[in-house]
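A.B. asks: The structure under discussion is supplied below as structure tokens; questions concerning it will follow.
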Amino acid sequence: MKNTALTETHEALGAKMVPFAGYNMPVQYEGVNIEHETVREAVGVFDVSHMGEFLIEGPNALDLIQKVCSNDASKLTIGRAQYSCMPNDKGGIVDDLIVYRVKEETYLLVVNASNIEKDWNWIASHNDMGAEMKDISEGYSLLAIQGPKAVEAMQSLTSVDLSAIKFYHFEVANFAGIEHVIISATGYTGSGGFEIYCKNSEVKQVWDKVFEAGADFGIKPIGLAARDTLRLEMGYCLYGNDINDETSPIEAGLGWITKFSKDFINAEALKKEKERGPERKLIAFELQDRGIPRQGYDIVDNNGKKIGEVTSGTMSPSMGKGIGLGYVPTIFADVGSNINIQIRKNAVSAEVVKLPFYKKE
């Protein structure tokens, strides 16, 4: 089991630690609902240093990224980031990721912790153009400082105007007394904020200063359990649950990051799927009655026949109702459609809804 550079800090704070993607990670501190609300109302900090980071560099870096990623990375200017996925050659997804253009010929790819080795091998196997590749995952830490008060709480730690960094843009700047930190206006919560990339040797200083700066803003450490409820309220896909090697980006609702204006792995087959329409779709649903949908629960029609299964589900802390995602045949996928979630012996009525579940007031 690997540790992050902050494992001892989490243990000292009384975090409940669990194995996650090969790492010893904090799942919760005070409790999921309190931590969830902290991010929605104020500011919270996640240690997500288990994520993977690859540098792709050199004159052929863009060519390699364009080949393995579905989105069009040629649109990236220095200081911009882009959500993308890597299609496999069988119609599914190797991983979803964020691509950062750091310099003219330097790109940072941030991938899911559980897929680091798989992703590296996949990209390397398609690197017939000689792009330079470096896996820097082991040397870098990542903090997600998320919530509506993040800008105000963190401004004293940097000379950069945080309010001027637009969504999916970033700056390489000084932060918490450390030079050359990536300050990225990205995140997985839907409540705004930043992700901070620094070296393992620097992250404890950054963590301590972040909590000092945020003390008057109600800052708290947040675990992976609240990260999951926050992302699900926004309808953000989680690799391994809602997308995997068997799910296509088209049926997963990721057509918006699948750009057929360029060539990439399996583009032809995915284009045909988009033109004819997928046979099934990832839907969002809200329970009409009491109950908590969980991953793996059957989705059934009004006659009790199984039509799909829940890929992610929870009791929404912000809304106080059961919400979830799952795949169903396209005929059941229209917003307003009625489906049922089999929760033990009961088929609980649910309605297909438009994302996000959580809407800011």
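The values are calculated or read from the model by the stated rules, or taken from the named source; none is laboratory data. As the structure is a prediction and not an experimental result, all values here were calculated from the model. So basically every Cβ, Gly included, is an ideal-geometry build from the backbone, and we count neighbours across all protein chains shown.
A.B. asks: All but one of (1) surrounded by fewer than 21 Cβ atoms within 10 Å (Cβ to Cβ); (2) over 23 Å from the mean Cα position of the chain (by Cα); (3) outside any loop (DSSP other than H, G, I, E, B); (4) not basic (Lys, Arg) hold for GLY304; state the number of the condition that does not hold.
C.D. replies: Just one mismatch for GLY304, condition (3).
A.B. asks: Would you pick out the residues in region 269-285 that are in a helix (DSSP H, G or I) and of a type outside the set (D, E, K, R)?
C.D. replies: ALA269, LEU270
A.B. asks: Here's something else I'd like to know. Please state which one of ASP263, ASP289 is at pLDDT 95 or above, in the same structural domain as LYS345 (by TED's automatic domain parsing) and in a loop (DSSP other than H, G, I, E, B).
C.D. replies: ASP289
A.B. asks: Among the residues that make up region 163-172, is at least one of them surrounded by 21 or more Cβ atoms within 10 Å (Cβ to Cβ), acidic (Asp, Glu) and either at pLDDT 95 or above or more than 27 Å from VAL68 (Cα to Cα) (or both)?
C.D. replies: Checked against the condition, which is being surrounded by 21 or more Cβ atoms within 10 Å (Cβ to Cβ), acidic (Asp, Glu) and either at pLDDT 95 or above or more than 27 Å from VAL68 (Cα to Cα) (or both), region 163-172 yields no hits at all.
A.B. asks: What strands (runs of 3 or more DSSP E) completely inside region 52-141 contain at least 3 residues that are within 21 Å of the chain's Cα centre (by Cα)?
C.D. replies: Of the strands (runs of 3 or more DSSP E) lying wholly inside region 52-141, those with at least 3 residues that are within 21 Å of the chain's Cα centre (by Cα) span 52-57, 81-87, 93-103, 106-111.
A.B. asks: Of the residues TYR197, TYR188, which is of a type in the set (Phe, Trp, Tyr), within 24 Å of the chain's Cα centre (by Cα), assigned to a loop (DSSP other than H, G, I, E, B) and in the same structural domain as VAL27 (by TED's automatic domain parsing)?
C.D. replies: Working: TYR197 fails: assigned to a loop (DSSP other than H, G, I, E, B).
Checking each option against the conditions leaves just TYR188.
A.B. asks: Return the residue satisfying two criteria in turn: it lies in region 19-45 and is out of contact with any Pro (no Cβ under 8 Å at 6 or more places or on another chain) and part of a strand (DSSP E or B), and of such residues it is nearest to PRO317 (Cα to Cα).
C.D. replies: Among those residues, the one meeting the criterion is GLN28.
A.B. asks: Right, something else. Taking the options GLU212, GLU273, GLU286, name whichever one is among the charged types (D, E, K, R) and either more than 24 Å from GLU37 (Cβ to Cβ) or touching a Leu at 6+ places or on another chain (Cβ under 6 Å) (or both). Let's see the steps before the verdict.
C.D. replies: Numbers: GLU212 fails: either more than 24 Å from GLU37 (Cβ to Cβ) or touching a Leu at 6+ places or on another chain (Cβ under 6 Å) (or both); GLU286 fails: either more than 24 Å from GLU37 (Cβ to Cβ) or touching a Leu at 6+ places or on another chain (Cβ under 6 Å) (or both).
So the residue among GLU212, GLU273, GLU286 that is among the charged types (D, E, K, R) and either more than 24 Å from GLU37 (Cβ to Cβ) or touching a Leu at 6+ places or on another chain (Cβ under 6 Å) (or both) is GLU273.
A.B. asks: Would it be correct to say that ILE339 is closer than 12 Å to ASP301 by Cα and in contact with a Gly (Cβ under 9 Å, 6 or more places away or on another chain)?
C.D. replies: The answer is yes for ILE339.
A.B. asks: Tell me which residues, restricted to region 71-110, are within 16 Å of ASP242 (Cα to Cα) and surrounded by 20 or more Cβ atoms within 10 Å (Cβ to Cβ).
C.D. replies: Of everything in region 71-110, those that are within 16 Å of ASP242 (Cα to Cα) and surrounded by 20 or more Cβ atoms within 10 Å (Cβ to Cβ) turn out to be SER84, CYS85, MET86, PRO87, ILE93, VAL94, ASP95, ASP96, LEU97.
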